[in-house]
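These notes concern the structure reproduced below.
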Amino acid sequence: MSIFKFASPARFYPLAGKLVTLFGWLAAILCVVGLYIGFVVAPTDFQQGESYRIIFIHVPSAWMAMVIYLVMATWSAAALIWNTRLSAHMAEALAPTGAMFAFVALWSGAFWGKPTWGTYWVWDARLTSTLILLFLYLGFMALKASIDDPRKADRAASLLAIVGAINVPIIYFSVRWWNTLHQGSSVTPGTSKMASAMLSGMLIMSLAAWAYAIAVSLHRVRSLMIEREAGSDWVKQTLADLPSYRES
Amino acid sequence: MSSATLFTLSGHGFYIWASYGMLALAVLLELIFLRRRRQQALHQASQVAKEAPARQAVVQAVVQAAIPAPPARPQP
């Protein structure tokens, strides 16, 4: 028994299907609990009033946008080094979800900035580097889509993902390196400047975002595997096991 | 928090619901796209599986037609 046996599509596909269900439910439950704590239990912030409640989606989205990018770059590196198809598929499956989180982080940040700073947008280091992160995701997806040969597309996009990873530490440390309008970290490993209900609401929403990202990217990678390997024996077997395709 | 302040949120309701609404919309769209992509992938794969034997027969017929029949042996 080794985990490498799951590198084969025929083994990975059904395992991923089970994980989609598990993490999908986990995401839904954590989201309900997190929102309950965020809107009912957590007190009003004495400085920012009620609008601070945007952090329950803003911070998890921003974290996930960065984490997903690093995971995507890691899979891309694995795909380049070992020339493994599944690694490239994983990177491709993560990109739209990462882009979604980057967009939501920017959007919710804008709607937090308006009542707090008086503006939706400033060309601040944190905001600008997050916008670049969104463009990196979109560029990665566009590059994949524009090259007809899938193996070449995988290699080119993998390289882009790895080079773009330099942006993630820039986002993370931007509030320390530059004088930004964006507030500094409220949570750093080991310490927190927040009320405990606010913090636990935010952490539970972050766990929900993790579970959601895992479920959604595994669901997407399953479709991607079927698209790429249509006609192979394991796909034929998978189709034969589905009630709606059995007769064909 | 009372249910009235939950919706107005002391005048910040618009900003909060615009943020949460966009997240809900983005998640909903992503789930719809995922579902559609899976259905399309399965449909395409089933077409490929269905057409594979037929395509093989066509290829065989074309190959047979393209190869000229061996010339008749001269009769001794």
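The values are calculated or read from the model by the stated rules, or taken from the named source; none is laboratory data. Owing to the predicted nature of the structure, the values given are computational and were not obtained by experimental measurement. Because the Cβ atoms are built from the backbone with ideal geometry, glycine has one as well, and the counts that use them run over all protein chains shown.
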Pairing a residue in segment B:32-58 that is more than 7 Å from chain A (Cβ to nearest Cβ) with any residue that is among the aromatic types (Phe, Trp, Tyr) and assigned to a helix (DSSP H, G or I), where Cβ atoms lie under 9 Å and the two sit 6 or more apart in sequence or on different chains, gives B:His43/A:Tyr245
message: I'd like to know if segment A:142-159 contains one or more residues that are surrounded by 16 or more Cβ atoms within 10 Å (Cβ to Cβ), outside any helix (DSSP H, G or I) and within 19 Å of the chain's Cα centre (by Cα).
response: no
Hey, A:Ile68 within 28 Å of A:Leu181 (Cβ to Cβ), within 11 Å of chain B (Cβ to nearest Cβ) and either touching a residue at least 60 places away in the same chain (Cβ under 8 Å) or not aromatic (Phe, Trp, Tyr) (or both) or not:
no
Scanning segment A:223-248 for residues that are under 24 Å from A:Asp148 (Cβ atoms) and either facing chain B (nearest Cβ under 7 Å) or not in a helix (DSSP H, G or I) (or both) gives A:Ser223, A:Ile226, A:Glu227, A:Glu229, A:Ala230, A:Gly231, A:Ser232, A:Val235
Sole miss for A:Phe140 among (1) within 25 Å of B:His43 (Cα to Cα); (2) touching a residue at least 40 places away in the same chain (Cβ under 8 Å) is condition (1)
Expected single match for within 14 Å of another protein chain (Cβ to nearest Cβ), of a type outside the set (Lys, Arg) and in contact with a helix residue (DSSP H, G or I) (Cβ under 7 Å, 6 or more places away or on another chain) among A:Val216, A:Val168 is A:Val216
Query raised in the report: Quick one: is B:Ile16 surrounded by 10 or more Cβ atoms within 10 Å (Cβ to Cβ), more than 10 Å from chain A (Cβ to nearest Cβ), part of a helix (DSSP H, G or I) and modelled with pLDDT of 75 or more?
Result: no
The residue that is surrounded by the most Cβ atoms within 10 Å (Cβ to Cβ), considering only those in segment A:121-137 that are among the hydrophobic types (A, V, I, L, M, F, W, C) and over 16 Å from A:Met64 (Cα atoms), is A:Ala125
ask   = Do the conditions hold for A:Ala213, that is, is it at pLDDT 95 or above and surrounded by 24 or more Cβ atoms within 10 Å (Cβ to Cβ)?
value = no
Expected single match for crowded, with 16+ Cβ neighbours inside 10 Å and without any contact (Cβ under 8 Å) to a residue 12 or more places away in the chain among A:Ala110, A:Ala95, A:Ala165, A:Ala91 is A:Ala110
